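No value in this document is a laboratory result; all are computed from the given coordinates. Just so you know, these numbers come straight off a predicted model, no measurement behind them. Counting neighbours? That spans all protein chains shown, and the Cβs are built from the backbone with ideal geometry, glycine included.
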Amino acid sequence: MSGSAFLRMLRATVPMKEPAKRDMGANTFVNHFFELPFDLEAYVGKAAKEKGISYRDALHEYNMDMQSRTGVGARAHNVADDAIKGKPQRFKGETVKEIAVFSAIYDYAKKMVEGADYAESEVSLNAKDVTVGGRFDLMFHKDGVWTLVDWKVYDDDLEDVPTGEFGIEEVTKNLNNNSYNKYALQLNVYEWAARNQGLIPEGDKVKRQLHQFQFDDGNNVLNIKVIDVPDMQELVGKMVERGLELGVIKRK
């Protein structure tokens, strides 16, 4: 029997299952409510003009900066994950500066969850009712309070600053289109999914926090800024209903 004939027989006797569809991540979901055009050409062109360099050189600087940030950010997340799970620190660093940076992050994350009766890093959450979920950095229960944490290693000013641009849907039209509001909503989407899933019992107190590692030019940790995020559960509920209307997400 030829290979193709065998496959036809197999499909006839054992119907192929459709691959499981992944739930939409919080980041992608929130982005449906804000216009996020990033014009790389315009951004690099502006940087080139401001610095008095060629477009090609400005593009090279941008790519090198993004590569550096991505590398530091990924290793920072991994080091924090090790600390929370009680594992040895996997990235020690290759230079004196890197060793100091990763040691600071490891110690900080480890101390944060000391005494917690539940702590999970790189948490996967999926709402049971709708196709919203995703993976986020840290969730722990300590002293009767659930804390949801999102690590940030960017230089963006994570405050609710006016931008002149707002959300593009009725439910978000009064929110500034800035990094703070998008990150705040993402954390609240994770909380909504955790509550919908039943992981956070009804009535339990929740804190939502952005922990921003701020570096100097040599990638030394200058400060760890903790930014408390407000309760936006009512708004997220409206976003979920609107997402269902738009067909962005579906009921399970």
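Tabulated data
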| item | result |
| --- | --- |
| Dipole moment magnitude, nearest 20 debye, region 133-186 about Cα centre, only Lys, Arg, Asp, Glu C-beta charged | 260 |
| LYS250 versus ASN223: modelled label distance in nm, points set 7 Å from Cα along the beta carbon direction | 4.7 |
| Pairwise Cα inverse-distance average, inverted: Kirkwood Rh of region 21-246 (Å) | 19.2 |
| Anchor LYS205: lysines whose Cα lies under 23 Å away (excluding residues fewer than 8 positions away in-chain) | LYS110, LYS111, LYS128, LYS142, LYS182, LYS225, LYS238 |
| Student exercise, region 21-246 dipole from Lys, Arg, Asp, Glu Cβ charges, in Debye to nearest 20 | 600 |
| Per-pair calculated FRET efficiency, R0 = 30 Å: GLU122 and ILE168 via Cβ, rounded to 0.05 | 0.45 |
